[in-house]
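First comes the structure, then the notes that go with it.
Throughout, read-outs are computed from the coordinates displayed, never taken from laboratory work. All figures in this text were calculated on a predicted structure; none of them were measured in a lab. Here the Cβ positions follow ideal geometry from the backbone for every residue, glycine too, while neighbour counts run over all protein chains shown.
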């Protein structure tokens, strides 16, 4: 979702009737760095969730 407050518009990317979770890229990057530092303790394939 992109806020265009200066134009009084709110643009929804994708379907607006579907709930989405958004995250700041800096927070996501920090989480990925933390995971990469623990790679020796992880299985070869893992699934991770990142709440936005």
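Taking the beta-carbon count within 10 Å as an exposure proxy, list 19, 37 from fewest neighbours to most.
Lowest count first: 19, 37.
Given the Cα-Cα distance of residue 29 and residue 9 and 0.36 nm per residue of separation, how much length would full extension add, in nm?
Values: separation 20, 0.36 × 20 = 7.20 nm, distance 2.90 nm.
Working it through step by step, the gained length comes to 4.3 nm.
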